[in-house]
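Data block below; observations after.
The values are calculated or read from the model by the stated rules, or taken from the named source; none is laboratory data. Bear in mind the structure is a predicted one, so any value in this text is a computation, not a measurement. We place every Cβ from the backbone using ideal geometry, glycine too, and count neighbours over all the protein chains shown. Note: accessible area is taken over every heavy atom of the protein model, side chains too, but ligands, DNA and RNA are not part of it. Shrake-Rupley method; radii C 1.70, N 1.55, O 1.52, S 1.80 Å.
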Amino acid sequence: MKKIKYVFNHMKTRTKIMISLLIIILIIAGIIVRNLSVYVEDKDYVPAATTEKFRAALSVSPFSGNEFKTGNTTYTAGDVTAKSREELEKIYISSGATEMYARIATKRSPTEDNIVNGEEDSNANFHTLEQGLELAHMAAKLNIPLNPEIMLAYTYMDMDRQQAPNFEGYPEIYALQNGKPWEELTLGEMNVVLEAYGKFVATELLKTGVKVENWNIGNEANYGFAGVSIGLKTAVNEKLEKVPGFMRHVYSVMGTNWLKNNIWKYNAVQMTAVAKGIKEAYTSLGLDSSNVKFSTHIATVVTTVKTAVTYFKTLKENGFPIDTAGISFYPSAPGVYIDKMVMYKKIVTAINKEVGIPVFIAEFSYPSGEVQGAYAGWSNTIKGYPHNEEGQAAIYHDVVQWGKTHGLIGIRYWAPDYSGWGSMSMFDYSDHGAKAKKILMDAISEENKLK
């Protein structure tokens, strides 16, 4: 020890500085690695208070509707065969589903082609208001609540793709723009339109007789909502149009305050306008809205705990009456955190503790085999959960079981019947048949037995 001390004391100052900096860097790196890979339970942790029962949000997707229309796929679960979306939803209900789901864009009705703004759009006709009303009628018939997601994008939005709304299909609402294009409206002018649209859509859905208590506004709205988004022209914040797309991921990790001050504070006001319109629909129809709750959700593929917490805090601080924080959680997708289960636990507990609201997993899936096609990059294996049916069911089980005692209010397995998911679906596809996998046959029903 004395020898090491002697050597260090006789080194040149520059060398000492370099060694000291290296030691500091290694310490910081060690702290970062630990934060990204280790979850330590807070013995005094208490989740946010809630009176809601756990929501097993297993719902038919618009994609299965297309499968039934074309006759390409038959869905079976054990001895039961579904010949329609209604029969498929009954399978989900028998497995413990407590609500249905409808993602709704501002496009009102399907068109013969998938062209949007001169380009092919795979989502052009899946999330129309007309499709949402079909699901609302189904939910009313099956006496199961509906959770609508009001995107305020023309056909689609998610973490990487933002669209502004288009109200030309709603003449009375469009007239409120007074001849100005959406990107030229001020925040105040936008809110007049958003409130009217919220009231209209909610009225149309509620008139079907469906029960709606949870409304989600926006889809993976990390980087914008209703035209106030990174990369889009808007008079609300003119600098957004010039921000390169790749910067959204940089800001998500290192620019939380920039997102807060340039996007989120405006989005909160927009979402508040939509929520106000939705509440007005209940009043107009003579319905009780005392139990109505609002949420939005963000992607967690490229985010940090600080970013997630700040996002929901910003919405709350700027007036949005948010009751539930929604997240997308895809454990096999690439991301910032070394261990995605650590990320999940840290985000859930931090939001509960610092924002004071529970968390809902608005999108979830995990592969049961090789991942191919568009989602080939989502092939990371989480330790303890192999890519087989047992691993797929086990991770769902563990996510839910831990969540129920730590402030998770529900989970939606995203598009369980979507053949494009491949092995991430709840069905095993072969030829023209889709056979329910272990995750559907026993994992979900088991979770509901344990409620």
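Evaluated against (1) more than 19 Å from ASN125 (Cα to Cα); (2) in contact with a Gly (Cβ under 9 Å, 6 or more places away or on another chain); (3) open to solvent by 30 Å² or more (accessible area, probe 1.4 Å); (4) of a type outside the set (Val, Ile, Thr), LYS43 falls short on exactly one condition, (2).
Taking the stated definitions as given, is GLY169 more than 30 Å from GLU189 (Cα to Cα), open to solvent by less than 50 Å² (accessible area, probe 1.4 Å), assigned to a loop (DSSP other than H, G, I, E, B) and among the small types (Gly, Ala, Ser)? Judged against the criteria, GLY169 is not a match. Report the residue count in the stretch 205-221 for those that are open to solvent by less than 30 Å² (accessible area, probe 1.4 Å) and of a type in the set (D, E, K, R). Number satisfying all stated conditions: 1.
Taking the stretch 266-320 only, how many residues are part of a helix (DSSP H, G or I), closer than 22 Å to TYR223 by Cα and not hydrophobic (A, V, I, L, M, F, W, C)? Here the count works out to 12. Checking each residue in the stretch 402-433 for being surrounded by fewer than 19 Cβ atoms within 10 Å (Cβ to Cβ), of a type in the set (Ser, Thr, Tyr) and closer than 30 Å to THR50 by Cβ picks out only THR405. Considering only residues that are open to solvent by 60 Å² or more (accessible area, probe 1.4 Å) and touching a residue at least 24 places away in the same chain (Cβ under 8 Å), look in the stretch 258-278 and name the one that is farthest from the chain's Cα centre (by Cα). In this case the residue turns out to be LYS276. With a requirement of 3 or more residues that are under 29 Å from PRO171 (Cβ atoms), the strands (runs of 3 or more DSSP E) lying completely within the stretch 67-119 that satisfy it span 100-104. Residues of the stretch 374-401 being open to solvent by 60 Å² or more (accessible area, probe 1.4 Å) and closer than 17 Å to ALA436 by Cα, which ones? Correct list: GLU389, GLU390, HIS397. Determine whether the stretch 67-77 contains at least one residue that is open to solvent by 70 Å² or more (accessible area, probe 1.4 Å) and either of a type in the set (S, T, N, Q) or at pLDDT 85 or above (or both). Within the stretch 67-77 (the criterion being open to solvent by 70 Å² or more (accessible area, probe 1.4 Å) and either of a type in the set (S, T, N, Q) or at pLDDT 85 or above (or both)), the answer is yes, since at least one residue qualifies. Of the residues making up the stretch 176-204, just one is surrounded by 24 or more Cβ atoms within 10 Å (Cβ to Cβ) and farther than 14 Å from THR106 by Cα, namely MET190.
Looking only at the stretch 188-199, decide whether some residue is within 15 Å of PRO165 (Cα to Cα) and in a strand (DSSP E or B). Write out each step before concluding.
Here is the first cut: in the stretch 188-199, the ones within 15 Å of PRO165 (Cα to Cα) are 189-198.
Imposing the further condition that a residue be in a strand (DSSP E or B) reduces the set to none.
Within the stretch 188-199, not a single residue is within 15 Å of PRO165 (Cα to Cα) and in a strand (DSSP E or B).
Within the stretch 375-410, the set of residues being assigned to a loop (DSSP other than H, G, I, E, B) and within 20 Å of GLY335 (Cα to Cα) comprises ALA376, GLY377, TRP378, SER379, ASN380, THR381, LYS383, GLY384, PRO386, HIS387. For the stretch 285-299, state whether one or more residues are modelled with pLDDT of 95 or more, farther than 22 Å from ALA362 by Cα and open to solvent by less than 20 Å² (accessible area, probe 1.4 Å). Checking the stretch 285-299: not a single residue is modelled with pLDDT of 95 or more, farther than 22 Å from ALA362 by Cα and open to solvent by less than 20 Å² (accessible area, probe 1.4 Å).
Per-residue answers, yes or no, for (1) within 14 Å of the chain's Cα centre (by Cα); (2) crowded, with 19+ Cβ neighbours inside 10 Å:
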position	(1), (2)
GLY319	no, no
ALA325	yes, yes
TYR337	no, yes
GLY356	no, no
GLN372	no, no
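Conditions (1) of a type in the set (S, T, N, Q); (2) at pLDDT below 95; (3) within 28 Å of GLY410 (Cα to Cα), marked per residue:
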{"residue": "GLU184", "(1), (2), (3)": "no, no, no"}
{"residue": "GLY198", "(1), (2), (3)": "no, no, yes"}
{"residue": "ILE230", "(1), (2), (3)": "no, no, no"}
{"residue": "ASN237", "(1), (2), (3)": "yes, no, no"}
{"residue": "PRO244", "(1), (2), (3)": "no, yes, no"}
{"residue": "ASN261", "(1), (2), (3)": "yes, no, no"}
{"residue": "ALA268", "(1), (2), (3)": "no, no, yes"}
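Could you please give the count of residues in the stretch 59-92 that are without any contact (Cβ under 8 Å) to a residue 40 or more places away in the chain and among the aliphatic types (A, V, I, L, M)? Number satisfying all stated conditions: 2.
Please specify each residue of the stretch 109-133 satisfying the condition of being surrounded by fewer than 16 Cβ atoms within 10 Å (Cβ to Cβ) and either within 24 Å of LYS211 (Cβ to Cβ) or of a type in the set (Phe, Trp, Tyr) (or both). GLU130 - this is the single residue of the stretch 109-133 that is surrounded by fewer than 16 Cβ atoms within 10 Å (Cβ to Cβ) and either within 24 Å of LYS211 (Cβ to Cβ) or of a type in the set (Phe, Trp, Tyr) (or both).
When the residues of the stretch 223-254 are filtered to those that are open to solvent by less than 10 Å² (accessible area, probe 1.4 Å) and assigned to a loop (DSSP other than H, G, I, E, B), the one that is nearest to TYR101 (Cα to Cα) is ALA226.
Note on the stretch 200-222: residues that are hydrophobic (A, V, I, L, M, F, W, C) and assigned to a helix (DSSP H, G or I) total 5.
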